[in-house]
Structure formats: structure tokens, C-alpha cells
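I have placed the structure first, in the form of C-alpha cells, so that the comments after it can refer back to it.
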Amino acid sequence: MRQELLVVAVALVLGAGCSNSTSSYGGGTGGAPTCTPTATQVCMINTSFSPASLTVPVGTMVTWLNGDSFAHYVASAMGSPGAAYTSSSVAGGGTFSHTFSAAGTYPYYCTIHGHDGTPPTGMHGTITVQ
């Protein structure tokens, strides 16, 4: 346990020095969790994002929660304004969060189930920031 905490602490320090990313990740249980969409939470269920479109104010942190029992990713799609973001593998019950600091329309997709990230094929969604 102590060694795991040391690894996490080193990763956080190294990550903080290399990036000004506004994204975060929370590991999952790998089980079959449930998920309820909210004004700032997108659920990954049955190889789709719910809701597929979300509108939030500037400065909002959006969290994606994996409600499936298998892994997903969240990645900004081609043409997304601002900094690109890509989650690590999000296991069942896990989360990925990103803060949107500028107005715009941000398409995203699952790199496993989203084909090439070009809607309307595969697992994709859009965050509109006003």
C-alpha cells in the first residue's frame, strides 16, 4: 500500500510539472456500476454517451462516469477548440473529468468504440460551453 501511494505521489508531481491540463481521472471497480446523467455528468452506458450533448457554462468541470462493465476512453475529437484531452482507460465505475475554460463546441468520442472520432459513427458526444 505504501509503495502504491509513493507511485501515485510521484506521478502527480511529475504530471504537475509537465502540463497545465485541466483533466482528472478516477479509477473504477471493473464491476457493473450504474450511472445517472446530471447537468455536469455524462454516463458511458451500452457503448453510448448519455446525454450525447451537454451544455455548460465556461469554467465547468464535466465528469464522465463509466456505467458499463468494460473500459471506455474519452478523447477530444478533431476540430475541438482549445487543448486536446484524452483519458486513460476508464474501467467500470471509473470517472474522467475535464474543465472547460473557454466557450465553444467540443466534440469527443471513445477511442475504443468511437471508430475514427468522426460523428455520426460510433460512440461520440458534444459539450457546448457558453
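Ranked for footprinting exposure by Cβ neighbours inside 10 Å, fewest first, 112, 127 give 112, 127. The slack in the chain from residue 99 to residue 63, taken as 0.36 nm per residue of separation less the alpha-carbon distance, amounts to 12.1 nm.
The distance between label points at residue 40 and residue 84 comes to 2.7 nm (points 7 Å beyond Cα on the Cα→Cβ vector). Packing, taken as the mean count of other beta carbons within 10 Å per residue, orders the peptides 97-103, 60-66 from highest to lowest as 60-66, 97-103. Put in line by how crowded their Cβ is, counting other Cβ atoms within 10 Å and starting with the fewest, 126, 38 read 38, 126.
Where a number appears in this text, it was derived from the coordinates with a stated rule and is not lab data. On a predicted model such as this, the values are computed, not experimentally measured, just so you know. Every residue, glycine among them, receives a Cβ derived from its backbone with ideal geometry; neighbour counts consider all protein chains shown.
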